[in-house]
Amino acid sequence: MINKAKDWVFSDPRLKQMKQDYAAYTEEDFKVWKILFERQIVNLPKAASKAYLDGIKEIGFTSDKIADFEDVNSRLAKSTGWAIQVVPGLIDDDLFFGLMNNKRFCSSTWLRKMEQLDYLEEPDMFHDAFAHMPLLTNQPYVDFLESLSGLALKHIENKWAIEILSRIYWFTIEFGLIREQGEVKIYGAGILSSAGETKYSLSDEPSHFDYDVRKIMNTPYWKDKFQDKYFIIESYEQLYESLPEIASVLEDMVSEEAK
């Protein structure tokens, strides 16, 4: 089934032949990238996961240069074999998971405006690039993404199953924390791109829990405010190794809902 999905996704008519038009970025775009980059990068040496800090160096991001996807793809090809797929914005779940099951991470190419520096309803490329792409150099992390997406494709017609799996994605890839040498660090992209949530997520205000598949899959999340709870993994290998449990709990929850 996964092989069929891989054949199908690249011929999907919704997948337009989009590319990053680097020459189209304006002076304001470069200024926005620089402000966002410099404002957040100073918070991360003590807050972010080592894998992220290593990854942002490997991926070559700097404050003076908007992420160049051609360069990113060249670098990823030498590490994990992943690549960036340009998309117009939010896309259908089956296409989103289909691309990641084919080692393609989705990204927009537009940047927020100066008046939108602090809040956007839909993620822009600063979030997609600065927060997500450095960790695409980490093999267990991308193995987890690829396999989780394969699991989602098997249940793509079941909205409840996709909602359950989206909770795993949300509390790991977007808002996950990791314990490194006894200290809690950030690897979730939704936190890494937010100066406010970087500070908040590591504070005593929200609740912190050890990574618990069943608990996460039974926990709804918020899109419009900081989370009130975060889950801490011990390693990226733990994420990948939890996939059989995720599949098992998913079957239980889908069966229970069907009764």
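The values are calculated or read from the model by the stated rules, or taken from the named source; none is laboratory data. Please read all numbers here as calculations on a predicted model, not as lab measurements. Cβ placement follows ideal geometry from the backbone for every residue including glycine, while neighbour counts extend to all protein chains displayed.
List of remarks:
- The condition of being basic (Lys, Arg) and part of a helix (DSSP H, G or I) does not hold for LYS46.
- Taken residue by residue, the range 231-246 has no member that is at pLDDT below 95 and in a helix (DSSP H, G or I).
- Verdict on LYS185 being charged (D, E, K, R), in contact with a strand residue (DSSP E or B) (Cβ under 6 Å, 6 or more places away or on another chain) and farther than 14 Å from LYS229 by Cβ: yes
Matching residues to (1) of a type outside the set (S, T, N, Q); (2) closer than 25 Å to SER166 by Cα; (3) within 14 Å of the chain's Cα centre (by Cα):
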{"position": "LEU44", "(1), (2), (3)": "yes, no, no"}
{"position": "LEU53", "(1), (2), (3)": "yes, no, no"}
{"position": "ILE59", "(1), (2), (3)": "yes, no, no"}
{"position": "ILE91", "(1), (2), (3)": "yes, yes, no"}
{"position": "ASP94", "(1), (2), (3)": "yes, yes, no"}
{"position": "LYS103", "(1), (2), (3)": "yes, yes, yes"}
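- The helices (runs of 4 or more DSSP H) found entirely in the range 49-124 that carry 3 or more residues being out of contact with any strand residue (DSSP E or B) (no Cβ under 7 Å at 6 or more places or on another chain), modelled with pLDDT of 95 or more and crowded, with 18+ Cβ neighbours inside 10 Å are 50-59.
- Residue list for the range 219-230, filter: within 21 Å of TYR119 (Cβ to Cβ) and assigned to a loop (DSSP other than H, G, I, E, B): TYR221, TRP222, LYS223, ASP224, LYS225, PHE226, GLN227, ASP228
- Hey, SER107 small (Gly, Ala, Ser) and under 20 Å from GLY176 (Cβ atoms) or not: yes
- When the range 13-40 is limited to residues that are without any contact (Cβ under 8 Å) to a residue 40 or more places away in the chain and surrounded by 14 or more Cβ atoms within 10 Å (Cβ to Cβ), the one that is nearest to the chain's Cα centre (by Cα) turns out to be LYS34.
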